[in-house]
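Beneath this line is the structure, given in structure tokens, with notes to follow.
The values are calculated or read from the model by the stated rules, or taken from the named source; none is laboratory data. What you are looking at is a predicted structure, and each value in this text was computed from that prediction instead of being measured. Cβ: placed from backbone, ideal geometry, glycine included. Neighbour counts: every protein chain shown.
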Amino acid sequence: MKVNLKIMISKLLKRQKEDKRIIFFTFISTGLAVVTIIFVVCFKLHQNNVASTKLASAYLAFSQGNQKQGVDLVDETISKYSKMPAAYQARLLKADIFTQIGAYEEALKLLNDTVKDAKPEKIKPLAQVRIIYVFDTKQDYFNAINASKEFIDKYPSHFFIKDVYLNLAEYYLLSGSKDEAVKTFSEILINFPATLEAEKAQNRINEIK
């Protein structure tokens with residue numbers, strides 16, 4: 001079979017042009033994707049910076065006694081920047097305000113939503129420990145016990161863990177469960193030996209007996 005060299009070279013050159021075109025458009029597409037990612041990241045950083053600034057302004061307003069301005073800034077942070085870390089921190093602050101005025105159900109709703117959805121993860125245990133505090137304030141020791149046990153299960157290495165254990169033991173006492181209280185104090189001695197919390201636990205065991 002006779003090969004037409006001219007036709008063969010023509011096809012080869014055409015193929016090379018097509019390949020270059022494919023490479024060119026692949027490069028363009030990749031470049032656009034990178035630019036889009038950079039834009040999204042920068043936009044999110046900007047949004048979080050704005051949200052953090054508003055939250056800082058809210059704290060400043062509260063410290064100066066301007067409650068209304070503080071609450072307005074907290075609400076604005078939550079509504080306009082709902083998925084930003086600063087907005088979840090604002091939810092914690094608003095839950096504290098609700099707790100102070102006795103609006104416990106509103107506080108619990110905010111805190112439970114934060115435990116479920118908050119980013120970054122380190123905000124979640126801060127919400128969980130506030131749930132315990134709400135029940136404590138309500139003198140609802142049954143739910144305070146359950147919330148404390150949930151905290152211990154979820155965050156066994158958190159820096160609040162020793163305090164949660166101590167309070168859990170006290171909630172057992174307040175609810176009339178003396179044996180459970182002693183058991184919890186004893187767990188503190190085992191889990192956190194040679195700590196101030198262990199000393200407090202031992203003193204409470206001695207008092208109970």
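So the values come out like this:
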read-out	value
Residue that is farthest from ILE97 (Cα to Cα), among those in the stretch 41-58 that are exposed (fewer than 15 other Cβ atoms within 10 Å of the Cβ) and at pLDDT 80 or above	THR53
Residue list for the stretch 152-186, filter: assigned to a helix (DSSP H, G or I) and among the polar types (S, T, N, Q)	ASN167, THR184, SER186
The stretch 92-138 - residue that is in contact (Cβ under 8 Å) with a residue 24 or more places away in the chain and polar (S, T, N, Q) and, of those, surrounded by the fewest Cβ atoms within 10 Å (Cβ to Cβ)	THR137
Top-ranked residue in the stretch 195-209 [being touching a residue at least 12 places away in the same chain (Cβ under 8 Å) and assigned to a helix (DSSP H, G or I); ranked as farthest from the chain's Cα centre (by Cα)]	ILE208
Inter-residue pairs, beta-carbon under 6 Å, first assigned by TED's automatic domain parsing to the domain that holds PHE159 and within 13 Å of GLU170 (Cβ to Cβ) and in the stretch 180-194, second in a helix (DSSP H, G or I) and basic (Lys, Arg), 6+ apart	PHE185/ARG204
Residue within the stretch 171-185 that is within 20 Å of TYR104 (Cβ to Cβ) and touching a Ser or Thr at 6+ places or on another chain (Cβ under 8 Å) present	yes
For PHE151: the one exception among (1) in the same structural domain as TYR88 (by TED's automatic domain parsing); (2) at pLDDT 95 or above; (3) not polar (S, T, N, Q)	(1)
Residues of the stretch 60-91 classified as under 21 Å from PRO120 (Cβ atoms), surrounded by fewer than 19 Cβ atoms within 10 Å (Cβ to Cβ) and touching a residue at least 24 places away in the same chain (Cβ under 8 Å), total	3
Matching residues in the stretch 76-100 - criterion: being closer than 22 Å to GLN139 by Cβ and out of contact with any helix residue (DSSP H, G or I) (no Cβ under 8 Å at 6 or more places or on another chain)	GLN100
